[in-house]
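Single-structure report; data block below.
The values are calculated or read from the model by the stated rules, or taken from the named source; none is laboratory data. The structure displayed is predicted, hence computed values, not measured ones. Here the Cβ positions follow ideal geometry from the backbone for every residue, glycine too, while neighbour counts run over all protein chains shown.
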Amino acid sequence: MSFVVLPSFQVDEANLDAFLSAARDDASASLATEEGCLQFDISVDRTSQPARVIFYEVYTDRAAFDLHLQTPHLDAFRRALHLCQEGPVQFFERVSP
């Protein structure tokens, strides 16, 4: 089974473009350089104020996610966290497909 991570964030409109840019950089680098990263989607609800952003990250297992936590691109993304309010991070086991 795969390991799913669902972080969430609240981002003011004034910071949204910069936050999404940093998120896209992290997602792209994760998919390109981490063998254990199977999927990394970014979704935004612009109808809520502040905007709600969630990531849907799928890794081969918990160990692959733990490696993700040590990457330079995640460190770079963490420097953008001043642009948002972090919400809860949820963890799941993916059972299909």
Can you tell me which residues in the range 28-43 are closer than 13 Å to residue 3 by Cβ and either in a loop (DSSP other than H, G, I, E, B) or in contact with a Pro (Cβ under 9 Å, 6 or more places away or on another chain) (or both)? 34, 36
Going through 79, 62, 46 one at a time, which residue ends up being surrounded by fewer than 17 Cβ atoms within 10 Å (Cβ to Cβ) and within 17 Å of residue 6 (Cα to Cα)? 62
So which residues in the range 52-97 are within 20 Å of residue 28 (Cβ to Cβ) and assigned to a strand (DSSP E or B)? 53, 54, 55, 56, 57, 58, 59
How many residues are in contact with a helix residue (DSSP H, G or I) (Cβ under 8 Å, 6 or more places away or on another chain) and either aromatic (Phe, Trp, Tyr) or modelled with pLDDT under 95 (or both) if we restrict to the range 50-90? 3
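Within the range 9-36, can you find the residues that are among the hydrophobic types (A, V, I, L, M, F, W, C), in contact with a strand residue (DSSP E or B) (Cβ under 6 Å, 6 or more places away or on another chain) and closer than 30 Å to residue 96 by Cβ? Before the answer, list the steps.
First, the residues of the range 9-36 that are among the hydrophobic types (A, V, I, L, M, F, W, C): 9, 11, 14, 16, 18-20, 22-23, 27, 29, 31-32.
The next check asks that each one be in contact with a strand residue (DSSP E or B) (Cβ under 6 Å, 6 or more places away or on another chain); those that pass are 9, 11, 16, 19, 23, 27, 31.
Scanning the range 9-36 gives 9, 23, 27, 31.
Being among the acidic types (Asp, Glu), in a helix (DSSP H, G or I) and touching a helix residue (DSSP H, G or I) at 6+ places or on another chain (Cβ under 7 Å) narrows it down to one of 25, 17, so name that one.
Details: 17 fails: touching a helix residue (DSSP H, G or I) at 6+ places or on another chain (Cβ under 7 Å).
Only one candidate passes the filter, namely 25.
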